[in-house]
Every structure is written in structure tokens, then in C-alpha cells.
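Worksheet for the structure shown next.
The values are calculated or read from the model by the stated rules, or taken from the named source; none is laboratory data. Note that the structure is predicted; figures quoted are calculated from it, not measured. Glycine also receives a Cβ, built like all others from the backbone with ideal geometry; neighbour counts cover every protein chain displayed.
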């Protein structure tokens with residue numbers, strides 16, 4: 001891909017608007033995406049922009065990282081973002097008083113209209129010190145609700161750790177590595 005094509009993709013991504021329930025000014029911030037390569041496809045129902053290789057996307061407090069990120073848009077509005085990696089990571093500051101939400105899985109699908117992040121395969125969400133793991137987790141951004149299950153892979157059962165008051169809680173990596181036992 002030429003520098004000119006890469007510049008067009010970056011400009012396209014920066015101009016596309018999104019609505020995110022988080023810090024009040026997050027959706028007014030520019031989208032910044034860095035990757036090793038990118039491609040843009042225009043389809044009848046919108047555009048698909050794909051980023052490959054150590055992809056890092058930020059918009060205000062929102063951060064999504066992965067080996068491959070695909071952004072789907074229609075009429076210059078982002079409809080969904082899919083990230084894959086080992087792991088793909090989603091982080092966002094819900095408000096100025098709360099700690100950031102940290103989520104990771106092998107695949108994450110962020111549906112902007114519904115304000116839901118679906119995490120698949122080795123899914124983990126850390127929220128206010130509590131950690132939930134499972135094969136499939138749905139995280140409602142606006143509601144801050146979590147729905148976890150084994151998922152389609154019949155992976156291990158759902159695991160939730162609720163730390164005692166004053167404890168910062170576990171991390172997703174410690175739980176996945178079996179270091180946090182109840």
C-alpha cells in the first residue's frame with residue numbers, strides 16, 4: 001500500500017463519526033489508528049476498513065488493540081468494530097469517577113448502536129476490581145452489565161472474582177494463568 005492510500009484510510013477513519021457511552025467528550029475526539037498495513041473496501045451497504053499487524057486504535061479514553069481490526073461503517077458512521085488477537089483488548093473510562101473497564105478475548109465485537117461489546121474465546125472483563133471470565137461475555141457499555149457463559153466452545157465454566165473492600169482486584173492475565181484461586 002502506498003503512503004497516499006494509507007493517508008486516505010487514516011483520513012477516512014478520522015472523519016467517520018461514532019457514538020460511545022463513556023467520558024462525555026470521547027466521541028468528539030479524533031480516532032487515531034496505527035497498524036502495519038490497511039485496506040479499504042467500498043460495498044453497497046457501506047465501507048469496511050481493515051487494519052493488520054499490531055493495531056492500536058484510540059478515541060479519547062477508548063482503546064482497542066489487536067493483530068487485526070475491522071471497522072464497518074455506513075454513511076460515514078461507524079456501526080461496528082471487530083478485533084482479533086491473542087488477546088484483542090478493549091479499554092474505556094466509563095466516567096471520571098470510575099476505574100477503566102478492561103476487557104479481552106481472542107475476538108471482540110463492538111456494536112456501537114447497541115453499545116455492547118461481545119467477547120469470544122478466553123473472554124475476560126475487569127470492572128471496579130471484579131473480574132469475570134468465560135467463553136463468551138457480553139458487556140453493556142451504558143448499563144455496565146455483564147452476561148457471561150461458556151460460549152459455543154464448551155470452554156471452562158464462568159468464573160467471577162469479587163475482591164474484598166479495598167482490594168484492587170485481580171487482573172485478567174493472572175486469572176487466565178491460574179494464579180488467582182478462591
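If the condition is being surrounded by 21 or more Cβ atoms within 10 Å (Cβ to Cβ) and in a loop (DSSP other than H, G, I, E, B), then segment 127-143 contributes only 141.
In segment 109-126 there is no residue matching the filter, namely being surrounded by fewer than 22 Cβ atoms within 10 Å (Cβ to Cβ), touching a strand residue (DSSP E or B) at 6+ places or on another chain (Cβ under 9 Å), without any contact (Cβ under 8 Å) to a residue 40 or more places away in the chain and within 26 Å of residue 165 (Cβ to Cβ). Which one is modelled with the highest pLDDT, of the residues in segment 13-33 that are more than 14 Å from the chain's Cα centre (by Cα), farther than 13 Å from residue 71 by Cα and surrounded by 14 or more Cβ atoms within 10 Å (Cβ to Cβ)? Once the filter is applied, the top-ranked residue is 29.
Of all residues in segment 157-182, those that are farther than 16 Å from residue 103 by Cα have Cβ atoms under 8 Å from Cβ atoms of residues that are at pLDDT below 75 and assigned to a helix (DSSP H, G or I), 6 or more apart or on another chain, in 180/174.
Among the residues making up segment 79-93, a single one is out of contact with any strand residue (DSSP E or B) (no Cβ under 6 Å at 6 or more places or on another chain) and closer than 17 Å to residue 25 by Cα: 93.
Scanning segment 80-106 for residues that are modelled with pLDDT of 95 or more and crowded, with 19+ Cβ neighbours inside 10 Å gives 81, 82, 83, 84, 85, 87, 88, 90, 103, 104, 105. In segment 144-164, which residue that is in a loop (DSSP other than H, G, I, E, B) and under 19 Å from the mean Cα position of the chain (by Cα) is modelled with the lowest pLDDT? Per the stated criteria, the residue is 151. Scoring residue 114 on the criteria (1) within 11 Å of the chain's Cα centre (by Cα); (2) not in a strand (DSSP E or B) leaves a single failure, condition (1).
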